[in-house]
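The values are calculated or read from the model by the stated rules, or taken from the named source; none is laboratory data. Just so it is clear, the model here is predicted, and its values are computed rather than measured. Here the Cβ positions follow ideal geometry from the backbone for every residue, glycine too, while neighbour counts run over all protein chains shown. Side chains are part of the model used for accessible areas, which takes the heavy atoms of the whole protein and leaves out ligands, DNA and RNA. Shrake-Rupley method; radii C 1.70, N 1.55, O 1.52, S 1.80 Å.
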Amino acid sequence: MTTLREYLDSAGCEPALSDLIVLISAQAAPIRDAFISNQSYAGTENSSGEEQAALDVWSDEHITKILEDSGLVKELASEEKPDILKFPGATENYAVVMDPLDGSSLIQVNLCVGTIVGIYDNGDALSKGEDLRAAMYMLYGPMTVLTITVGKGVFTFAMDETGEYRMLDGPVKMPEGKIYGSGGLNKDWTEKHRNFIESIEKEGGKLRYSGSFVADFHQILKYGGVYCYPATIDNNTGKLRLAFEANPIGFIAKQAGGAISDGHTSLLEIKPEKPHHKTPIYVGSSGLIKRLEEIYRE
Ligand code: AFP
(Lines give C-alpha, C1' and ligand atoms only; values in the text may rest on other atoms or scores of the structure.)
Protein backbone atom coordinates (compact mmCIF):
# COMPACT_ATOMS: atom_id res chain seq x y z
CA MET A 1 0.00 0.00 0.00
CA THR A 2 1.27 3.44 -0.95
CA THR A 3 2.92 5.32 1.91
CA LEU A 4 2.21 8.99 2.57
CA ARG A 5 5.70 10.00 1.38
CA GLU A 6 5.30 7.99 -1.84
CA TYR A 7 1.94 9.64 -2.49
CA LEU A 8 3.31 13.15 -1.89
CA ASP A 9 6.20 12.49 -4.28
CA SER A 10 3.81 11.19 -6.94
CA ALA A 11 1.57 14.26 -6.45
CA GLY A 12 4.55 16.48 -7.31
CA CYS A 13 4.92 18.15 -3.90
CA GLU A 14 8.14 20.08 -3.42
CA PRO A 15 10.45 18.23 -0.96
CA ALA A 16 10.07 20.85 1.79
CA LEU A 17 6.28 20.58 1.66
CA SER A 18 6.45 16.78 1.80
CA ASP A 19 8.80 17.04 4.78
CA LEU A 20 6.41 19.41 6.54
CA ILE A 21 3.33 17.24 5.91
CA VAL A 22 5.13 14.05 7.01
CA LEU A 23 6.42 15.83 10.13
CA ILE A 24 3.02 17.19 11.17
CA SER A 25 1.13 13.98 10.47
CA ALA A 26 3.67 11.98 12.52
CA GLN A 27 2.64 14.00 15.61
CA ALA A 28 -0.55 11.94 15.78
CA ALA A 29 1.45 9.26 17.60
CA PRO A 30 2.74 11.42 20.48
CA ILE A 31 -0.62 13.18 20.72
CA ARG A 32 -2.40 9.84 21.09
CA ASP A 33 0.19 8.79 23.69
CA ALA A 34 -0.61 11.95 25.66
CA PHE A 35 -4.35 11.23 26.01
CA ILE A 36 -4.17 9.23 29.27
CA SER A 37 -1.99 11.68 31.18
CA ASN A 38 -3.95 14.76 29.96
CA GLN A 39 -7.55 13.98 30.90
CA SER A 40 -8.25 17.09 32.97
CA TYR A 41 -9.06 20.68 32.13
CA ALA A 42 -6.09 23.04 32.10
CA GLY A 43 -7.79 25.78 34.15
CA THR A 44 -7.18 28.30 31.36
CA GLU A 45 -9.21 29.76 28.48
CA ASN A 46 -8.31 30.23 24.82
CA SER A 47 -8.84 33.51 22.94
CA SER A 48 -12.44 32.56 22.14
CA GLY A 49 -13.15 32.29 25.87
CA GLU A 50 -13.38 28.50 25.79
CA GLU A 51 -12.05 26.37 28.61
CA GLN A 52 -8.84 24.65 27.51
CA ALA A 53 -8.38 20.94 28.08
CA ALA A 54 -4.93 19.84 29.25
CA LEU A 55 -4.59 17.99 25.95
CA ASP A 56 -5.40 21.19 23.99
CA VAL A 57 -2.49 22.90 25.71
CA TRP A 58 -0.16 19.90 25.43
CA SER A 59 -0.88 19.36 21.71
CA ASP A 60 -0.48 23.06 20.97
CA GLU A 61 2.87 23.32 22.75
CA HIS A 62 4.08 20.06 21.26
CA ILE A 63 3.28 20.88 17.62
CA THR A 64 4.49 24.47 18.04
CA LYS A 65 7.92 23.27 19.18
CA ILE A 66 8.16 20.71 16.38
CA LEU A 67 7.31 23.37 13.79
CA GLU A 68 9.69 25.95 15.21
CA ASP A 69 12.53 23.41 15.34
CA SER A 70 11.83 22.27 11.76
CA GLY A 71 12.93 25.60 10.26
CA LEU A 72 10.22 25.13 7.62
CA VAL A 73 7.56 27.45 9.03
CA LYS A 74 7.59 31.23 9.02
CA GLU A 75 4.22 31.86 10.72
CA LEU A 76 1.96 29.81 12.92
CA ALA A 77 -1.63 30.62 13.91
CA SER A 78 -3.18 28.26 16.44
CA GLU A 79 -6.66 28.13 17.93
CA GLU A 80 -4.97 27.89 21.33
CA LYS A 81 -2.87 31.05 20.92
CA PRO A 82 -4.11 34.65 20.92
CA ASP A 83 -1.64 35.88 18.31
CA ILE A 84 0.27 34.68 15.27
CA LEU A 85 3.74 33.35 16.11
CA LYS A 86 6.59 34.26 13.81
CA PHE A 87 9.72 32.12 13.41
CA PRO A 88 12.32 34.45 11.84
CA GLY A 89 14.90 31.65 11.59
CA ALA A 90 12.83 29.67 9.06
CA THR A 91 14.44 28.87 5.73
CA GLU A 92 11.12 28.14 3.99
CA ASN A 93 8.08 30.36 3.51
CA TYR A 94 5.28 28.17 4.86
CA ALA A 95 2.57 29.49 7.17
CA VAL A 96 0.60 26.97 9.22
CA VAL A 97 -2.88 27.38 10.70
CA MET A 98 -4.06 24.74 13.15
CA ASP A 99 -6.57 23.54 15.67
CA PRO A 100 -4.21 21.21 17.56
CA LEU A 101 -7.00 19.29 19.28
CA ASP A 102 -10.47 19.74 17.85
CA GLY A 103 -13.46 18.43 19.81
CA SER A 104 -11.82 18.77 23.20
CA SER A 105 -15.06 18.39 25.20
CA LEU A 106 -15.05 14.76 24.03
CA ILE A 107 -11.60 13.86 25.42
CA GLN A 108 -12.93 12.76 28.78
CA VAL A 109 -15.66 10.60 27.23
CA ASN A 110 -13.28 8.92 24.77
CA LEU A 111 -15.11 9.92 21.60
CA CYS A 112 -13.30 10.80 18.37
CA VAL A 113 -11.30 14.01 18.25
CA GLY A 114 -8.74 15.30 15.78
CA THR A 115 -6.10 17.79 14.67
CA ILE A 116 -6.82 20.23 11.81
CA VAL A 117 -3.99 21.84 9.81
CA GLY A 118 -3.78 24.18 6.84
CA ILE A 119 -0.53 25.08 5.05
CA TYR A 120 0.08 28.22 2.96
CA ASP A 121 3.22 28.68 0.89
CA ASN A 122 3.02 32.50 0.92
CA GLY A 123 4.21 32.96 4.52
CA ASP A 124 0.87 34.53 5.53
CA ALA A 125 -1.32 32.71 8.06
CA LEU A 126 -4.19 35.14 7.49
CA SER A 127 -4.77 34.19 3.84
CA LYS A 128 -7.99 33.13 2.14
CA GLY A 129 -8.82 29.43 2.26
CA GLU A 130 -8.70 29.21 -1.53
CA ASP A 131 -4.97 30.04 -1.34
CA LEU A 132 -4.11 27.00 0.80
CA ARG A 133 -1.27 24.90 -0.56
CA ALA A 134 -2.36 21.87 1.48
CA ALA A 135 -4.93 20.95 4.12
CA MET A 136 -5.22 17.92 6.34
CA TYR A 137 -6.70 16.50 9.49
CA MET A 138 -5.81 13.57 11.68
CA LEU A 139 -8.78 11.77 13.22
CA TYR A 140 -8.10 9.89 16.44
CA GLY A 141 -10.67 7.12 16.33
CA PRO A 142 -10.33 3.32 16.39
CA MET A 143 -7.72 3.96 13.69
CA THR A 144 -5.59 7.07 13.30
CA VAL A 145 -6.66 8.37 9.91
CA LEU A 146 -5.07 11.21 7.97
CA THR A 147 -7.20 12.98 5.37
CA ILE A 148 -5.17 15.22 3.09
CA THR A 149 -5.27 17.32 -0.02
CA VAL A 150 -2.38 19.00 -1.78
CA GLY A 151 -4.79 20.46 -4.35
CA LYS A 152 -5.03 17.26 -6.39
CA GLY A 153 -8.01 15.50 -4.84
CA VAL A 154 -8.47 14.08 -1.36
CA PHE A 155 -6.75 10.96 -0.05
CA THR A 156 -7.01 9.11 3.25
CA PHE A 157 -4.25 7.19 5.02
CA ALA A 158 -4.26 5.00 8.14
CA MET A 159 -1.31 4.85 10.52
CA ASP A 160 0.02 1.30 10.84
CA GLU A 161 1.69 -0.32 13.88
CA THR A 162 5.10 1.04 12.83
CA GLY A 163 3.84 4.63 12.66
CA GLU A 164 3.81 4.68 8.83
CA TYR A 165 0.75 6.10 7.06
CA ARG A 166 -0.58 3.83 4.30
CA MET A 167 -3.20 4.85 1.76
CA LEU A 168 -6.76 3.77 2.51
CA ASP A 169 -8.72 5.53 -0.17
CA GLY A 170 -8.62 8.19 -2.85
CA PRO A 171 -9.35 10.27 -4.68
CA VAL A 172 -12.33 10.56 -2.34
CA LYS A 173 -15.53 11.95 -3.89
CA MET A 174 -18.12 13.32 -1.48
CA PRO A 175 -21.52 12.01 -2.57
CA GLU A 176 -24.84 13.81 -2.25
CA GLY A 177 -26.20 12.49 1.04
CA LYS A 178 -28.64 13.07 3.89
CA ILE A 179 -26.59 13.07 7.07
CA TYR A 180 -26.87 16.37 8.88
CA GLY A 181 -25.71 17.81 12.16
CA SER A 182 -26.10 21.31 13.53
CA GLY A 183 -24.58 23.19 16.41
CA GLY A 184 -26.40 25.92 18.31
CA LEU A 185 -29.48 25.39 20.44
CA ASN A 186 -32.60 24.55 18.44
CA LYS A 187 -34.56 27.34 20.21
CA ASP A 188 -32.01 29.92 18.94
CA TRP A 189 -31.98 28.84 15.27
CA THR A 190 -32.99 31.45 12.70
CA GLU A 191 -35.95 30.86 10.41
CA LYS A 192 -33.72 30.30 7.37
CA HIS A 193 -31.56 27.77 9.18
CA ARG A 194 -34.68 25.99 10.43
CA ASN A 195 -36.13 25.91 6.90
CA PHE A 196 -32.92 24.39 5.59
CA ILE A 197 -32.82 21.67 8.26
CA GLU A 198 -36.51 20.90 7.77
CA SER A 199 -35.96 20.52 4.02
CA ILE A 200 -33.34 17.84 4.72
CA GLU A 201 -35.52 16.11 7.31
CA LYS A 202 -38.44 15.97 4.86
CA GLU A 203 -36.23 13.92 2.54
CA GLY A 204 -35.39 11.40 5.26
CA GLY A 205 -32.29 13.20 6.54
CA LYS A 206 -30.46 11.45 9.34
CA LEU A 207 -29.21 13.48 12.33
CA ARG A 208 -25.65 12.76 13.44
CA TYR A 209 -23.78 15.29 15.58
CA SER A 210 -21.03 14.40 18.04
CA GLY A 211 -19.49 17.76 19.04
CA SER A 212 -16.25 17.07 17.16
CA PHE A 213 -16.08 18.89 13.83
CA VAL A 214 -13.38 16.57 12.49
CA ALA A 215 -15.36 13.42 13.28
CA ASP A 216 -18.67 14.86 12.10
CA PHE A 217 -17.13 16.10 8.87
CA HIS A 218 -15.32 12.82 8.20
CA GLN A 219 -18.54 10.84 7.89
CA ILE A 220 -20.02 13.54 5.67
CA LEU A 221 -16.97 13.30 3.43
CA LYS A 222 -17.65 9.59 3.10
CA TYR A 223 -21.48 9.42 3.09
CA GLY A 224 -22.58 12.92 2.06
CA GLY A 225 -24.70 15.46 3.91
CA VAL A 226 -23.95 18.67 5.75
CA TYR A 227 -22.29 19.87 8.95
CA CYS A 228 -23.64 23.19 10.22
CA TYR A 229 -22.68 25.62 12.95
CA PRO A 230 -24.96 28.51 12.06
CA ALA A 231 -25.46 32.09 13.15
CA THR A 232 -28.23 32.10 15.75
CA ILE A 233 -30.69 34.77 16.85
CA ASP A 234 -28.36 35.83 19.68
CA ASN A 235 -25.00 35.23 17.97
CA ASN A 236 -24.48 36.25 14.35
CA THR A 237 -20.88 35.01 14.15
CA GLY A 238 -21.44 31.33 14.90
CA LYS A 239 -18.79 29.48 16.91
CA LEU A 240 -16.17 28.06 14.56
CA ARG A 241 -13.04 29.86 13.48
CA LEU A 242 -12.46 30.67 9.79
CA ALA A 243 -8.68 30.24 9.76
CA PHE A 244 -8.15 27.14 11.91
CA GLU A 245 -11.29 25.09 11.33
CA ALA A 246 -13.44 26.27 8.41
CA ASN A 247 -10.77 26.92 5.80
CA PRO A 248 -8.74 23.69 5.99
CA ILE A 249 -11.90 21.55 6.14
CA GLY A 250 -13.59 23.62 3.44
CA PHE A 251 -10.59 23.24 1.15
CA ILE A 252 -10.74 19.46 1.63
CA ALA A 253 -14.51 19.46 1.01
CA LYS A 254 -14.09 21.41 -2.22
CA GLN A 255 -11.31 19.12 -3.42
CA ALA A 256 -13.70 16.19 -2.85
CA GLY A 257 -16.46 17.87 -4.89
CA GLY A 258 -18.31 19.37 -1.91
CA ALA A 259 -18.65 22.99 -0.83
CA ILE A 260 -18.50 25.32 2.17
CA SER A 261 -20.60 28.43 2.80
CA ASP A 262 -21.80 30.87 5.42
CA GLY A 263 -25.21 30.79 3.74
CA HIS A 264 -24.29 33.49 1.24
CA THR A 265 -20.82 32.87 -0.12
CA SER A 266 -17.98 30.36 -0.14
CA LEU A 267 -15.95 30.78 3.03
CA LEU A 268 -12.81 30.02 1.01
CA GLU A 269 -13.14 33.48 -0.61
CA ILE A 270 -13.11 35.38 2.69
CA LYS A 271 -9.85 36.72 4.12
CA PRO A 272 -9.72 36.29 7.92
CA GLU A 273 -9.70 39.72 9.60
CA LYS A 274 -7.85 38.33 12.63
CA PRO A 275 -6.63 34.91 13.78
CA HIS A 276 -9.79 34.17 15.78
CA HIS A 277 -12.26 35.45 13.17
CA LYS A 278 -15.46 33.42 13.72
CA THR A 279 -17.97 32.49 11.05
CA PRO A 280 -21.24 30.67 10.55
CA ILE A 281 -20.39 27.48 8.65
CA TYR A 282 -22.13 24.96 6.42
CA VAL A 283 -19.92 22.33 4.79
CA GLY A 284 -20.90 19.25 2.85
CA SER A 285 -22.42 17.95 -0.36
CA SER A 286 -22.52 20.58 -3.09
CA GLY A 287 -26.27 20.09 -3.82
CA LEU A 288 -27.18 20.81 -0.21
CA ILE A 289 -24.94 23.89 -0.05
CA LYS A 290 -26.56 25.16 -3.27
CA ARG A 291 -30.00 24.66 -1.69
CA LEU A 292 -28.86 26.43 1.48
CA GLU A 293 -27.75 29.49 -0.48
CA GLU A 294 -31.07 29.53 -2.36
CA ILE A 295 -32.97 29.49 0.96
CA TYR A 296 -30.79 32.35 2.26
CA ARG A 297 -31.49 34.35 -0.94
CA GLU A 298 -35.30 33.99 -0.62
P1 AFP B 1 -12.59 22.77 20.10
O2 AFP B 1 -12.66 21.51 20.86
O3 AFP B 1 -11.35 22.86 19.29
O4 AFP B 1 -12.82 23.97 20.96
O5 AFP B 1 -13.76 22.75 18.98
C6 AFP B 1 -15.02 22.27 19.21
C7 AFP B 1 -15.91 22.79 18.13
O8 AFP B 1 -15.43 24.02 17.61
C9 AFP B 1 -16.15 21.79 17.00
O10 AFP B 1 -15.21 20.77 16.92
C11 AFP B 1 -17.50 21.21 17.30
O12 AFP B 1 -18.22 20.81 16.18
C13 AFP B 1 -18.18 22.30 18.04
O14 AFP B 1 -17.18 23.07 18.68
C15 AFP B 1 -19.14 21.77 19.05
O16 AFP B 1 -19.77 22.81 19.71
P17 AFP B 1 -21.05 22.58 20.62
O18 AFP B 1 -20.58 21.84 21.82
O19 AFP B 1 -21.54 23.96 20.92
O20 AFP B 1 -22.05 21.78 19.83
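When each of the peptides 48-55, 37-44 is scored by how many other beta carbons lie within 10 Å of its residues on average, the order from highest to lowest is 48-55, 37-44.
Taking the DSSP beta bridges with both ends in segment 179-297, the antiparallel portion is around 65 percent.
Sequence-ordered 3J(HN,Hα) estimates for segment 259-270 from the Karplus curve with 6.51, -1.76 and 1.60 and θ = phi - 60° stand at 8, 9, 8, 9, x, 10, 8, 5, 5, 5, 8, 9 Hz, glycine and proline given as x. ASP131 sits among other residues whose Cβ lies under 12 Å from its own Cβ, and their net charge, with Lys and Arg +1 and Asp and Glu -1, is -1. Near GLY225, once Lys and Arg are set to +1 and Asp and Glu to -1 for all other residues with Cβ below 13 Å from its Cβ, the sum equals +1.
What you get for segment 1-152, charging only the Cβ of Lys and Arg (+1) and of Asp and Glu (-1), is a dipole of about 340 debye around the Cα centre. If each DSSP helix of 4+ residues adds -39,500 (n - 2.57) and the sum is divided by the residues in the chain, what number results at 222 nm, nearest 500 deg cm²/dmol? -8500 deg cm²/dmol, from helical runs alone. Note on the chain: dipole from Cβ charges, positive end direction compared against PHE244, ALA34, SER266; the farthest Cα belongs to SER266. Among beta bridges identified by DSSP and lying wholly in the chain, the antiparallel ones come to about 80 percent. Rounded, prolate or oblate: which one fits segment 1-107, using the alpha carbon gyration tensor with axes a ≥ b ≥ c (rounded when a/c is under 1.5, else prolate when a/b beats b/c, else oblate)? Note, shape of segment 1-107 comes out oblate. How large a share of the accessible area of the chain, in percent, is made up of carbon and sulfur atoms when the probe is 1.4 Å and the other protein chains stay in place? So the carbon and sulfur contribution to the accessible surface is 50 percent. Shape of segment 179-297 from the C-alpha gyration tensor: rounded (a/c under 1.5, with a ≥ b ≥ c the square roots of its eigenvalues). Where both bridge residues fall in segment 4-171, DSSP classifies roughly 85% of the beta bridges as antiparallel.
Hey, how much of the P(r) for the chain falls beyond 37 Å, as a percent of Cα pairs? Every Cα pair in the chain considered, those over 37 Å come to 9 percent. Over 32 Å between Cα atoms, which of LYS81/LYS254; LYS192/LYS222; LYS74/LYS278; LYS152/LYS187; LYS86/LYS173; LYS254/LYS278 qualify? Checking Cα-Cα distances, LYS152/LYS187; LYS86/LYS173 exceed 32 Å. When the chain is described by a simple charge dipole with +1 on each Lys and Arg Cβ and -1 on each Asp and Glu Cβ, the residue from LEU8, ILE289, LEU55 located farthest towards its positive end is ILE289.
If only the Cβ of Lys and Arg carry +1 and only the Cβ of Asp and Glu carry -1, the dipole of the chain around its Cα centre is close to 840 debye. For segment 219-253 versus segment 25-78, the spacing of their alpha-carbon centroids is 22 Å. Net charge in the neighbourhood of LEU207 (other residues with Cβ under 15 Å of its Cβ; Lys, Arg +1, Asp, Glu -1) is +1. Computed over protein heavy atoms with a 1.4 Å probe, the accessible surface of the chain works out to 41 Å² per residue. Toward the positive end of the charge dipole of segment 179-297, with +1 on the Cβ of Lys and Arg and -1 on the Cβ of Asp and Glu, the farthest Cα among HIS276, TYR223, ASN195 is that of TYR223. In this view, the solvent-accessible surface of MET143, computed with a 1.4 Å probe and all protein chains in place, comes to about 100 Å².
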